[in-house]
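Each reported figure results from applying straightforward, stated rules to the coordinates on display, with no laboratory input. Everything quoted here is computed from the prediction, not taken from an experiment. Neighbour counts are summed over all protein chains in view; Cβ atoms, including those assigned to glycine, are modelled from backbone coordinates with ideal geometry.
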Amino acid sequence: MKKITSLVAGALLLLPTLASAQDDWAQFKRYAADNDELTVQPKAVLMGDSITDGWPDADKDFFTDNNFVGRGISGQTTSHMLVRFRQDVVDLQPKYVAILAGTNDIALNNGYIALEDILGNIISMCEIAKANRIKPVICSVLPCKKYGWRPEVTDAGEQIVRLNAMLQAYAKENKIPYVDYHSVMKDSENGLPASLAKDGCHPTPEGYEIMEEILLKTLK
């Protein structure tokens, strides 16, 4: 009986930790104040993960000059983004939403998810956007040969190529603009060269410049 009581007490001690880990899982709070402070309807919301999260720091003028807002959150998967899509995209009523997502799903940041289900999450975001008269733009996942934080994923480059093919096919079938960063930025091993990403995954300022040129051609 003492052993059982001890186990129950230990479990109760873990509850605050577990609650803290699950608190604001989709990170609604991250952009809540920024969303409230917006006074101008943005031309485009850039929705994504750490790649989008770091973009304004690399080139703030790109966002201000084009009336874009960034709504990227480091580490997020498509499941996180789908949950917060209403608050961080729909409620802002942009003309476009550029969705750059999927690499963290392949990196198993939220556990295993099939490529078909990653595609499904992005399709759901596109359908929500269309239902609210926002034009979706699907961006290819950037090249990445391996994830430094997830060495057990040994075929990242190949999975990204397969996911991008699925995204491009869906975009073509549904007449949604497709922004192909991958084919322009990849090296011979389907990764990002050191000149464009010091860690192989996250763009340098030079990498973002290439992305900006490609994206603007689509949005203009």
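Counting every other Cβ atom within 10 Å of each residue's Cβ, ARG30, ARG150, ARG71 order from fewest to most as ARG150, ARG30, ARG71.
Taking every DSSP helix (H) stretch of at least 4 residues in the chain, weighting each as -39,500 (n - 2.57) and dividing the sum by the residue count yields a mean residue ellipticity at 222 nm of -15000 deg cm²/dmol. Computed from backbone phi with θ = phi - 60° and the Karplus coefficients 6.51, -1.76 and 1.60, the 3J(HN,Hα) list for region 56-65 is x, 5, 6, 7, 4, 4, 4, 7, 5, 5 Hz; x is used for glycine and proline. Within the shell of other residues whose beta carbon sits under 12 angstrom from the beta carbon of ASN104, the net charge comes to -2, with Lys and Arg scored +1 and Asp and Glu -1. Longest segment of the chain with no GluC sites (Glu not before Pro) in a DSSP loop having at most 14 other Cβ atoms within 10 Å? Longest stretch, sites excluded: 1-151. Highest GNM mean-square fluctuation among ASN174, ASN66, ASN190, for the chain modelled with Cα contacts below 10 Å: ASN174. Taking 7 Å steps out from each Cα toward its Cβ at ASP199 and ALA165 produces label points 2.9 nm apart. About its Cα centre, the chain has a charge dipole of approximately 600 debye under the convention of +1 per Lys or Arg Cβ and -1 per Asp or Glu Cβ, with nothing else charged. Taken one residue at a time, the phi angles of region 203-220 give Karplus couplings (6.51, -1.76, 1.60, θ = phi - 60°) of x, 7, x, 5, x, 5, 4, 5, 4, 4, 4, 5, 5, 5, 4, 6, 6, 9 Hz. Gly and Pro are set to x. Couplings 3J(HN,Hα) for region 145-159, derived from phi with the Karplus relation 6.51 cos²θ - 1.76 cosθ + 1.60 (θ = phi - 60°), are 6, 7, 9, x, 8, 9, x, 6, 8, 9, 10, 4, x, 5, 5 Hz, where x marks Gly and Pro. Going by neighbour counts of Cβ atoms within 10 Å, the residues TYR147, TYR170, TYR112 line up, fewest first, as TYR112, TYR170, TYR147. Shown for the chain: cysteine residues without a partner Cβ closer than 4.7 Å, namely CYS126, CYS139.
In a reduced charge model with +1 at each Lys and Arg Cβ and -1 at each Asp and Glu Cβ, region 125-204 shows a dipole moment near 360 debye about its Cα centre. Each listed q (0.11 Å⁻¹) maps to a log10 I(q)/I(0) for the chain, found by the Debye formula over equal Cα scatterers with no solvent: -0.55.
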